[in-house]
Amino acid sequence: MIVGGPNARTDYHINTTPEFFYQYRGSMLLKTVDTSTMPPTFQDIPIHEGSIFLLPPNTPHCPVRFKDTVGVVMEQPRAENAVDIMRWYCRNCSGVVWEKRFVCTDLGTQVKEVVEEFAADEEKRRCKACGEMAATKYGEGELEQPPAHPE
C-alpha cells in the first residue's frame with residue numbers, strides 16, 4: 001500500500017508477518033517496541049527518503065508519517081485466521097494500557113475502528129498499573145521529523 005502523511009496515532013500494530021518499508025518522499029519515524037526486555041525497550045527508527053527497512057514479524061510498531069511524505073509498505077498475506085493486535089503503551093510506566101486482537105480482513109477500515117473505539121472510552125485509555133491517561137495523538141512538538149537524508 002502507498003501511505004502519505006501526516007498521521008500522529010499513538011497505537012502500536014503487531015502483525016504476524018514481516019513488513020517491508022520503502023520511503024519514497026521525505027522521512028518517517030518507525031516507533032518500535034522490543035518486548036523481550038522488562039520493561040519493554042522503545043526505539044525510534046528513522047527511515048529516510050530512498051531507504052528501505054524490513055520489520056521482523058510480531059514487532060509492535062507505530063509508523064509516524066509527517067506532512068508531504070510518501071512511503072510504500074508491503075505486508076505478506078496473513079495465514080488464515082491470523083490475529084493482528086493494536087496496542088497502546090503507557091508513556092509513564094511502559095505497561096500495556098489496552099489492546100485489541102482481531103482477524104485482519106481490511107486493515108484500513110479495522111485500524112480506524114479500533115482507534116476510534118480506544119479514543120471514545122476513557123476507561124480503556126487509563127493505565128491499570130499507574131492511572132495515567134493515554135493520549136490518542138501526539139501533541140504539537142512531541143515528535144521531531146528526521147531529515148529526508150541523513151547527514
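Any idea which residue in region 1-34 is modelled with the lowest pLDDT, counting only those that are touching a helix residue (DSSP H, G or I) at 6+ places or on another chain (Cβ under 8 Å) and of a type in the set (D, E, K, R)? If we take residues in region 1-34 being touching a helix residue (DSSP H, G or I) at 6+ places or on another chain (Cβ under 8 Å) and of a type in the set (D, E, K, R), then ARG9 is modelled with the lowest pLDDT.
In the condition set (1) surrounded by fewer than 18 Cβ atoms within 10 Å (Cβ to Cβ); (2) at pLDDT below 95; (3) touching a Lys or Arg at 6+ places or on another chain (Cβ under 9 Å), THR37 is compliant with all but (3).
Residue count for region 92-134 satisfying the condition of being farther than 13 Å from TYR12 by Cα and among the hydroxyl-bearing types (Ser, Thr, Tyr): 2.
Considering (1) under 19 Å from GLU144 (Cα atoms); (2) touching a Phe, Trp or Tyr at 6+ places or on another chain (Cβ under 7 Å), the lone condition that PRO63 does not fulfil carries the number (2). Is there a residue in region 53-72 that is part of a helix (DSSP H, G or I), on the phi < 0 side of the Ramachandran plot and surrounded by 13 or more Cβ atoms within 10 Å (Cβ to Cβ)? Scanning region 53-72, I find no residue that is part of a helix (DSSP H, G or I), on the phi < 0 side of the Ramachandran plot and surrounded by 13 or more Cβ atoms within 10 Å (Cβ to Cβ), so the answer is no. Among the residues of region 73-89, those that are of a type outside the set (Asp, Glu) and part of a loop (DSSP other than H, G, I, E, B) comprise GLN76, PRO77, ARG78, ALA79, ASN81, ALA82. The number of residues in region 15-28 being surrounded by 19 or more Cβ atoms within 10 Å (Cβ to Cβ) and assigned to a strand (DSSP E or B) comes to 4. Do we have any residue at all in region 43-65 that's touching a residue at least 40 places away in the same chain (Cβ under 8 Å) and among the aromatic types (Phe, Trp, Tyr)? No - not one qualifying residue is present in region 43-65.
Among the residues of region 111-127, are any part of a helix (DSSP H, G or I), surrounded by fewer than 17 Cβ atoms within 10 Å (Cβ to Cβ) and at pLDDT below 95? Looking through region 111-127, at least one residue is part of a helix (DSSP H, G or I), surrounded by fewer than 17 Cβ atoms within 10 Å (Cβ to Cβ) and at pLDDT below 95.
The residues of region 74-98 that are in contact (Cβ under 8 Å) with a residue 40 or more places away in the chain, among the aliphatic types (A, V, I, L, M) and either crowded, with 17+ Cβ neighbours inside 10 Å or in contact with a helix residue (DSSP H, G or I) (Cβ under 8 Å, 6 or more places away or on another chain) (or both), listed by number, are ILE85, MET86.
Please work out if VAL64 is over 12 Å from the mean Cα position of the chain (by Cα) and within 20 Å of GLU113 (Cα to Cα). It is false that VAL64 is over 12 Å from the mean Cα position of the chain (by Cα) and within 20 Å of GLU113 (Cα to Cα).
The values are calculated or read from the model by the stated rules, or taken from the named source; none is laboratory data. None of these values were measured; they are calculated from a predicted model. Neighbour counts run over all protein chains shown; Cβ positions are idealised from the backbone, glycine included.
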